[in-house]
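Shown next, in structure tokens, is the structure this report addresses.
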Amino acid sequence: MPPLSLQVPFPRPSLALISQLRFLHTPWSNRTTMSRLLATAVARSVSQVVSLVVLLLVGYIANRITGVDGWVGKGGTHAPTVRSLVEDCKGAGAASLEDIGGYEDVKTDLRRCVVLPMRNPHIFFDRGAPSLRPPAGILLTGPPGTGKTLLARACAKESGANFLPLHSAALESKWWGESPKLLQMAFQMARTTLAPCIIFFDEIDGLGRKRSEQDQSCVYSFKCELLRNMDGLGKVDTSPVAVLACTNCPSSLDPALRRRFTRTISVSVPTEPERRAILAVLARDEQYPDADLLDHVVKCTEGFTGADLTTLHTEACAHRMWRFCENEEDVGRLKSGVELVGRMSSLTREDWVHTRRVRLPCKHRLAVGGSDSPSAGGQ
């Protein structure tokens, strides 16, 4: 029987061991060079790790400050941005519908469609009474200067609802896909924390123009997100939310967006009785010595909008002030503006005639009797 032989396998040397042995058998000059190369590689690796950590830290801080979910990851929110957009229309200085002269039919429609439902959400937004639901979207159309934005803010004043204006400057973002997220957060907060709320799109034709093949993907996705958020308002959703929008070019809106505004209210150029009501509101603190002066101004301002009449009244008041105060030193002696108003006399025909020098932006609508300049006050 052959003798037993005990064979113990010799372990294979690892690569690290081989490199150490080679390092020990290398000359001193080569060993120094390798040490320097190793130290340089380690320093580069450490600097890259430190740079990455600093970059992540800066991105996280910027993410927390701006509230934007960027590439850093989760941790930001659009809620602070949406809260900063909410306007205070409930203060003493805010105008109500009663403070707007004329447009009685328009104000009646807004009271029925917006003010009354916002005041009584338990009735008009009851899940068991869908037939009482008000229009989810109301579109105000008309020429510039007719007071569409003022009417929307007045609805928030009378109803006591939060007023959330959304415009292109507030919704645009340099980050890809952040505008639809901000829009979604605005509608979500309007249904929850800000309810009852009035969402107002000023100049919505800048946001919701007709879709075309030339639209970029981010613009197209934003329009689709706007359409998606407006779906269900007034039907499935029972949150007291009303969407108001104004535009000067309703024909340029996307057909799908136009369909979601189920109610359209036209705010046209004021008629003669409406101009008289607007001037009566502007001059409610004035005492005219000539009873026919205000009627004469109304007849000479055909085609003027509410903004035009406000500009003319402001110019007439400015001429009255400089007529009362002959130089700047007289103004500096007064203690407040209330004291100056109390000392001045009422507006005269001379003050209104002075407004003929005013060149308004809507000059093409001010031609009366072949003249290209406003003729408030007459000859």
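The values are calculated or read from the model by the stated rules, or taken from the named source; none is laboratory data. Quantities reported herein were computed from a predicted structural model and do not represent experimental measurements. Note: ideal-geometry Cβ built from the backbone for every residue, glycine included; neighbour counts use all protein chains shown.
Does residue 161 satisfy being of a type in the set (Gly, Ala, Ser) and crowded, with 23+ Cβ neighbours inside 10 Å?
It is true that residue 161 is of a type in the set (Gly, Ala, Ser) and crowded, with 23+ Cβ neighbours inside 10 Å.
Could you give every pair whose Cβ atoms fall below 6 Å, whose first residue belongs to the stretch 225-251 and is in the same structural domain as residue 145 (by TED's automatic domain parsing) and at pLDDT below 85, and whose second residue is not β-branched (Val, Ile, Thr) and not in a helix (DSSP H, G or I), counting only separations of at least 6 or pairs across chains?
Matching pairs, first to second residue: 233/136; 234/133; 234/136; 238/125; 238/127; 239/195.
With the requirement that a residue be aromatic (Phe, Trp, Tyr) and either part of a loop (DSSP other than H, G, I, E, B) or out of contact with any helix residue (DSSP H, G or I) (no Cβ under 7 Å at 6 or more places or on another chain) (or both), what does the stretch 93-124 give you? Show your work before the answer.
Residues of the stretch 93-124 aromatic (Phe, Trp, Tyr): 103, 124.
Within the stretch 93-124, just 103 meets the criteria.
Would you please name the residue that is surrounded by the fewest Cβ atoms within 10 Å (Cβ to Cβ), looking only at residues in the stretch 304-320 that are small (Gly, Ala, Ser) and closer than 11 Å to residue 145 by Cβ? Let's see the steps before the verdict.
Step one: list which residues in the stretch 304-320 are small (Gly, Ala, Ser), which gives 306-307, 316, 318.
When the remaining residues are screened for being closer than 11 Å to residue 145 by Cβ, the result is 306-307.
Values: 306: 25, 307: 17.
My answer is 307.
Here's the yes/no breakdown for (1) surrounded by fewer than 22 Cβ atoms within 10 Å (Cβ to Cβ); (2) assigned by TED's automatic domain parsing to the domain that holds residue 257; (3) without any contact (Cβ under 8 Å) to a residue 24 or more places away in the chain; (4) farther than 30 Å from residue 303 by Cβ:
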site	(1), (2), (3), (4)
96	yes, yes, no, no
110	no, yes, no, no
117	no, yes, no, yes
121	yes, yes, no, yes
130	yes, yes, no, yes
147	no, yes, no, no
154	no, yes, no, no
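Going residue by residue through the stretch 268-282, is there one that turns out to be within 30 Å of residue 211 (Cα to Cα), of a type in the set (A, V, I, L, M) and surrounded by 15 or more Cβ atoms within 10 Å (Cβ to Cβ)?
Of the stretch 268-282, the ones within 30 Å of residue 211 (Cα to Cα) are 268.
Still in the running and of a type in the set (A, V, I, L, M): none.
Taking every residue of the stretch 268-282 in turn, none turns out to be within 30 Å of residue 211 (Cα to Cα), of a type in the set (A, V, I, L, M) and surrounded by 15 or more Cβ atoms within 10 Å (Cβ to Cβ).
Residues that are within 14 Å of the chain's Cα centre (by Cα), at least 1 per element: which strands (runs of 3 or more DSSP E) completely within the stretch 156-275 meet that? Even if it seems obvious, please write down each step before you answer.
Working: elements: 162-166, 197-201, 241-247, 263-266.
Qualifying strands (runs of 3 or more DSSP E): 162-166, 197-201, 241-247.
Just a yes or no: is a residue in the stretch 133-142 of a type outside the set (Val, Ile, Thr) and part of a helix (DSSP H, G or I)?
There is no residue in the stretch 133-142 that is of a type outside the set (Val, Ile, Thr) and part of a helix (DSSP H, G or I).
Give me the pairs: first residue in the stretch 263-280 and at negative phi, second residue surrounded by fewer than 19 Cβ atoms within 10 Å (Cβ to Cβ) and of a type in the set (Lys, Arg), beta-carbon distance under 6 Å, and six or more apart or on different chains, which are they?
Close Cβ pairs satisfying both conditions: none exist.
Which number in (1) closer than 24 Å to residue 258 by Cβ; (2) touching a helix residue (DSSP H, G or I) at 6+ places or on another chain (Cβ under 7 Å); (3) at pLDDT 90 or above marks the one condition that residue 153 misses?
So the condition that residue 153 fails would be (2).
Determine, yes or no, whether residue 345 is surrounded by 13 or more Cβ atoms within 10 Å (Cβ to Cβ) and modelled with pLDDT under 75.
Details: surrounded by 13 or more Cβ atoms within 10 Å (Cβ to Cβ): no; modelled with pLDDT under 75: yes.
It is false that residue 345 is surrounded by 13 or more Cβ atoms within 10 Å (Cβ to Cβ) and modelled with pLDDT under 75.
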